[in-house]
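Chemist: Here it is, the structure, as structure tokens.
The values are calculated or read from the model by the stated rules, or taken from the named source; none is laboratory data. Note that the structure is a prediction, hence the values are computed from the model and not measured. Neighbour counts are summed over all protein chains in view; Cβ atoms, including those assigned to glycine, are modelled from backbone coordinates with ideal geometry. Remember, those area values only see protein heavy atoms, side chains included, never the ligands or the DNA or RNA. Shrake-Rupley method; radii C 1.70, N 1.55, O 1.52, S 1.80 Å.
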Amino acid sequence: MNLLEKKNFVEKLNQEIKATSILLVAHYAGLTVAQMTTLRNSAKKSEVQIKVAKNSLVKLAVSGTDYESITNDLSGPTVLIFANDIVSAAKIMVDFAKENKELVIKAGSYDKSQIGKEEIVSISKMPSLDEIRAKLISLIQTPATRLACVLQAPASQCARVIEAYSKK
């Protein structure tokens, strides 16, 4: 990359990072291209972004943002995972790290504070935003379904009585 390309990359990465809710850092030394492709595909399905960049460029991109606290963890081959859905980003990283020991979770930053591996693992165990929405919809629909069954029951009982009398 020449200087202009690096500058454009840093600006673009800075804008993407500012628009996210969480930024996670992991080391990926030893991962194959196929494994990285699998990680990228699973992240893409969940609207999670993954970037691999030089640490010096990432340090420039996070300077002046809420995620500046991660600069201490930027060493070696680093992959950045960021998203607006906090749980999805953590789940993707933790699930992939369970299957692939080469991906080592380092740290992250959320809500202007640094979080460690333990916090990332605990966040990944929470239900995602889509799961919470599904549960909420089912809770809202359940009383309406029960009400429809209760209102329908007297009419069906009446129809059975009339049918029984007609057969006599």
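Chemist: Mind checking Rg over Rh on the stretch 3-103, alpha carbons, Kirkwood formula for Rh?
Modeler: Reported Rg/Rh (Cα atoms, Kirkwood Rh): 0.95.
Chemist: With Cβ to Cβ distances under 11 Å as the rule, what net charge do the other residues near V121 carry (K, R +1; D, E -1)?
Modeler: Net charge around V121: +1.
Chemist: Please give the helix 86-99 orientation as an angle from the longest Cα principal axis of the chain, in degrees from 0 to 90, rounded to the nearest 10.
Modeler: Taking the Cα atoms of the chain, the angle to 86-99 is about 70 degrees.
Chemist: Net charge near N72: determine it from the other residues with C-beta under 12 Å of the C-beta of N72, scoring Lys and Arg +1 and Asp and Glu -1.
Modeler: Result for the neighbourhood of N72: 0.
Chemist: Turning to a different aspect of this structure: Excluding ligands and nucleic acids, what accessible area in Å² is computed for E99 using a 1.4 Å probe, to the nearest 10?
Modeler: Number for this one is 140 Å².
Chemist: Can you give me the accessible area per residue for the stretch 76-124, using a 1.4 Å probe, in Å²?
Modeler: In whole numbers, the stretch 76-124 has 45 Å² accessible per residue.
Chemist: For the stretch 9-38 and the stretch 89-130, compute the distance between their C-alpha centroids and round to whole Å.
Modeler: Between the Cα centres of the stretch 9-38 and the stretch 89-130 lies a distance of 13 Å.
Chemist: Oh, and also: Thinking of the stretch 103-147 as a set of Cα atoms, what percent of all their pairs are more than 17 Å apart?
Modeler: Value for the stretch 103-147: 55 percent of Cα pairs lie more than 17 Å apart.
Chemist: Provide the per-residue ³J(HN,Hα) series for the stretch 121-127, in order, calculated from phi with Karplus coefficients 6.51, -1.76, 1.60 and θ = phi - 60°, each as a whole number of Hz, with x at glycine and proline positions.
Modeler: 5, 5, 5, 5, 7, 6, x
Chemist: Additional query: Using a 1.4 angstrom probe on the protein heavy atoms only, line up D85, D95 by accessible area, largest first.
Modeler: From most accessible down to least: D95, D85.
Chemist: How long is the gain from K44 to D111 if the chain were fully straight, where each residue apart is worth 0.36 nm and the alpha carbon distance is subtracted?
Modeler: Taking K44 through D111 to full extension adds about 21.8 nm, to one decimal.
Chemist: Give me the net charge for the shell around A107: Cβ to Cβ below 11 angstrom, other residues only, Lys and Arg +1, Asp and Glu -1.
Modeler: -1
Chemist: Okay, moving on. Quick one: go through the stretch 29-54 and flag any residue whose amide nitrogen is under 14 Å from the point 7 Å out along the Cα-to-Cβ line of V104.
Modeler: Counting backbone N atoms under 14 Å from the label point, the list is 29-31.
Chemist: Still on this model: For the cross-link pairs K112/K135; K51/K125; K12/K125, which exceed 26 Å when the distance is taken from alpha carbon to alpha carbon?
Modeler: K112/K135; K12/K125
Chemist: For the stretch 29-142, build the charge dipole from Cβ charges (+1 Lys, Arg; -1 Asp, Glu) around the Cα centre, then report which of S88, T32, Q49 sits farthest towards its positive end.
Modeler: Value computed over the given set: T32.
Chemist: Can you compute the modelled spin-label distance between K54 and D130, with each label point 7 Å from Cα toward Cβ, in nm?
Modeler: Roughly 3.7 nm, to one decimal.
Chemist: Another one. On the Cα set of the stretch 23-168, report Rg and Dmax in Å, please.
Modeler: 25.4, 91
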